[in-house]
Amino acid sequence: MFTYATIENFRGIERLTVSGMGRVNLIIGKNDAGKTALMEAVWMAGHGEDAARALWTLQEMRIPDVPVEDFDGFWRPIFRGNDAERGFLVDARLMPPGQARGAGTRVQMNKARRSPPLSGTEPAGGNPRAGTWALECSIEREGETHEQLVTGSPRGVEFPDEVYPESLGTWIPSGSVDYRNAIRLFSRLKQEGQDSLVRELMRLIDEQVEGVEILSPTGGQAALFVRLKGQPVLLPIRLMGEGVQRCFDIAVTLASGEALLLGIDEIENGLHHSTLEPVWKWLATVSAARSMQIFATTHSEECVQAACRAFSALDDPGLRVIRLDRRAHETVATVYDRNLVAAAERMGVEIRG
């Protein structure tokens, strides 16, 4: 579990240090404070030697219409001030049970000063190096340093060999749901008889939900359908509200226990204020049982207070609220536990920023 992070020159963050992160971390602050950037940086570091692939995944979700081989359009915006030659640093540390702090992952990436060596057969005519580029990646993990190169050209991008075929982290964006991955995870849960956790969370959003089925009515691609109380016909989950769809995505991720790190962007999206506290209770209980670390962002003070009440009701010390404030040349993180959040609420002080 990551407890400490230092980030430099990543997206809009010039320098940020966060100490005292917990099992469940709710990140707050103004729109330009770097909430999602902090979450992305830690999530990327959680992938160890596959950090470059993880960063590719995150950037594709941000700008899906820009081709990955376009360095200036796809990769350069990741670096603060578009300064890819200077590069960025993400250093995330963890504290495994029974061990002193120190283990973790340190990721440095920058654009190579020289064009990468060419491989394969180049097309005749023109400049064969036109449009070629390389990202130098230095990843320190468990006392070992791995030097990697991501190379690109108009023909495509070549990444280092994948080290962890099974995903170490799952990312739930503020918008659409990745139904292909959700169906894969839910199918496994159904086979193992573990799908009740998913139904439990969905019923917190809509008490009419009785279950979820995987069907292929036309004989083509499988789809998710929801069984509602008193309704003879199953309803496609895509026709349900945003809250039900996102909670299904969150539920299958946590219930499967496949990932060690979960990032949820704008967790309050689609959720009615009355459901926030029970949803947080569910997240607290299941993340503890699955030993999963969660990072989430929110714009809602109501969401912050609901999380605090939920963890207090469970007597769970695992919640941290991380407030980010941008200064002239750095971003400052203030970390609150559930007791400090509750004290602020009693005094009528809004900590959201």
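Derived scalar couplings between HN and Hα for region 291-308 equal 6, 10, 9, 10, 10, 9, 10, 8, 9, 9, 5, 4, 5, 4, 5, 5, 4, 4 Hz in order, rounded to whole Hz, by the Karplus curve 6.51 cos²θ - 1.76 cosθ + 1.60 (θ = phi - 60°), x for Gly and Pro. Maximal additional length on extending the Leu314-Ala289 stretch stands at 7.7 nm, based on 0.36 nm per residue less the C-alpha distance.
Taking amide H positions as modeled 1.01 Å from N, with prolines and chain starts lacking one, no residue 5 or more places away or on another chain lies under 5 Å from Val177. Listed from fewest to most Cβ neighbours within 10 Å, the set Ile237, Ile250 follows the order Ile237, Ile250. Placing +1 on the Cβ of every Lys and Arg and -1 on the Cβ of every Asp and Glu, with nothing else charged, gives region 11-83 a dipole about its Cα centre of roughly 480 debye. Only one of (i) 63, 44, 38; (ii) 69, 41, 33; (iii) 69, 57, 38 was calculated from the structure for Cα extents along the principal axes in Å, and its label is (iii).
Taking Cβ atoms as reference points and 14 Å as the exclusive limit, the residues near Gly73 contribute a net charge of -2, counting Lys and Arg as +1 and Asp and Glu as -1.
Over the chain, dividing the summed -39,500 (n - 2.57) contributions of all DSSP H runs of at least 4 residues by the number of residues returns a 222 nm mean residue ellipticity of -8500 deg cm²/dmol. Summing Lys and Arg as +1 and Asp and Glu as -1 over all other residues whose Cβ lies under 10 Å from the Cβ of Ala134 gives a net charge of +1. Converting phi to 3J(HN,Hα) with the Karplus coefficients 6.51, -1.76 and 1.60 and the offset θ = phi - 60°, region 328-337 yields 4, 10, 7, 10, 9, 10, 10, 9, 10, 8 Hz in sequence order, with x at every glycine or proline. For the chain, with the dipole built from +1 on Lys and Arg beta-carbon atoms and -1 on Asp and Glu ones, taken about the Cα centre, which of Ala5, Ser187, Thr151 lies farthest toward the positive end? Farthest towards the positive pole: Ala5.
Quick one: Asp316, Asp65, Asp249, fewest Cβ neighbours within 10 Å first, how do they rank?
Exposure proxy ranking, most exposed first: Asp65, Asp316, Asp249.
Computed from Cα atoms, the angle from the helix 51-62 axis to the main principal axis of the chain rounds to 70 degrees.
Backbone amide hydrogens, once placed in the peptide plane, bring Gly29 within less than 5 Å of Leu324, excluding anything fewer than 5 places away on its chain. Basic side chains Lys and Arg get +1 at the Cβ, acidic Asp and Glu get -1 at the Cβ, and with that the dipole of the chain about its Cα centre reaches some 380 debye. Of all segments of the chain bounded by GluC sites (Glu not before Pro) found in a DSSP loop with no more than 12 other C-beta atoms within 10 Å, the longest spans 208-349. For Glu213, the shell of other residues with beta-carbons less than 9 Å away shows a net charge of +2, using +1 for Lys and Arg and -1 for Asp and Glu. Compared with the dominant Cα axis of the chain, that is its longest principal axis, helix 276-290 is turned about 60°. Just name one of Ile63, Asn31, His47: the one whose Cα is farthest towards the positive end of the charge dipole of region 12-91 (beta-carbon charges, Lys/Arg +1, Asp/Glu -1). The Cα lying farthest towards the positive end belongs to Asn31.
Farthest toward the positive end of the dipole of the chain, out of Ala343, Ser176, Phe311, is the Cα of Ala343, where the dipole comes from beta carbon charges about the Cα centre. Note that region 64-77 has calculated 3J(HN,Hα) couplings of x, 8, 9, x, 5, 7, 7, 4, 5, x, 9, 8, 4, x Hz, one per residue in order, obtained from phi through the Karplus relation 6.51 cos²θ - 1.76 cosθ + 1.60 (θ = phi - 60°); glycine and proline are x.
With R₀ fixed at 35 Å, the C-beta to C-beta distance from Asp337 to Ser115 puts the FRET efficiency at about 0.10.
Any chance you could check the Cα centroid distance between region 186-206 and region 24-48 for me, in angstrom? Answer, in whole Å: 28. Once backbone amide H atoms are built at 1.01 Å from N, Glu268 has His299 as its partners under 5 Å, excluding neighbours fewer than 5 places away on the same chain.
Since every read-out is calculated from the coordinates, none of them should be taken as a lab result. Remember, it's a predicted structure, so these values are computed and weren't measured experimentally. Neighbour counts run over all protein chains shown; Cβ positions are idealised from the backbone, glycine included.
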